[in-house]
Amino acid sequence: MASNAVEKRYAAIGALVERYLPKATEYTLPEGTKAVDIAADIRDLSGLGRTDRWKGTVEQWASMVEERPEDIKHIEWAIRQGCVYAGYAAD
């Protein structure tokens, strides 16, 4: 059974992914969304954990999103890949 803190991290990861990942097969983000905004929301997850592992993973995830801010395919990939890393670090 996962602790309450782990459950909160999983829920936050899920909410962020649901907010930013396109629901269609096209690569789109919510209108007006920029990579820097997504990265800021990801960095906000840092406060949900105290370990260096969690904080480092969140920072890596945000950096991946910011890597190529004009490339929507890359941003989508970074959200998905970072979600996997964060899921492992959430435990």
With the checklist (1) out of contact with any Lys or Arg (no Cβ under 9 Å at 6 or more places or on another chain); (2) under 23 Å from L29 (Cβ atoms); (3) buried (at least 16 other Cβ atoms within 10 Å of the Cβ) in hand, flag the one item K55 doesn't pass.
(2)
In this structure, does A40 turn out to be of a type in the set (A, V, I, L, M), in a helix (DSSP H, G or I) and more than 22 Å from D91 (Cβ to Cβ)?
yes
Criterion violated by V65 - all others in (1) surrounded by fewer than 16 Cβ atoms within 10 Å (Cβ to Cβ); (2) part of a helix (DSSP H, G or I) satisfied:
(1)
Within segment 68-88, the count of residues that are under 14 Å from G14 (Cα atoms) and either surrounded by 14 or more Cβ atoms within 10 Å (Cβ to Cβ) or not charged (D, E, K, R) (or both) comes to 9
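Being among the small types (G, A, S) and modelled with pLDDT of 90 or more is the filter here; which residues of segment 17-45 pass it? Walk me through how you get there before you give the answer.
Step one: list which residues in segment 17-45 are among the small types (G, A, S), which gives 24, 32, 35, 39-40.
Residues satisfying the conditions are A35, A39, A40.
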Note down all Cβ pairs under 8 Å where the first residue falls in segment 53-77 and is over 10 Å from I42 (Cα atoms) and touching a residue at least 12 places away in the same chain (Cβ under 8 Å), the second is part of a helix (DSSP H, G or I) and charged (D, E, K, R), and they're at least six residues apart or on different chains.
W54/R9
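The values are calculated or read from the model by the stated rules, or taken from the named source; none is laboratory data. Note that the coordinates shown come from a computational prediction; the quantities given were computed from them, not determined experimentally. Cβ sites come from the backbone with ideal geometry, for glycine too, and all protein chains shown count toward neighbours.
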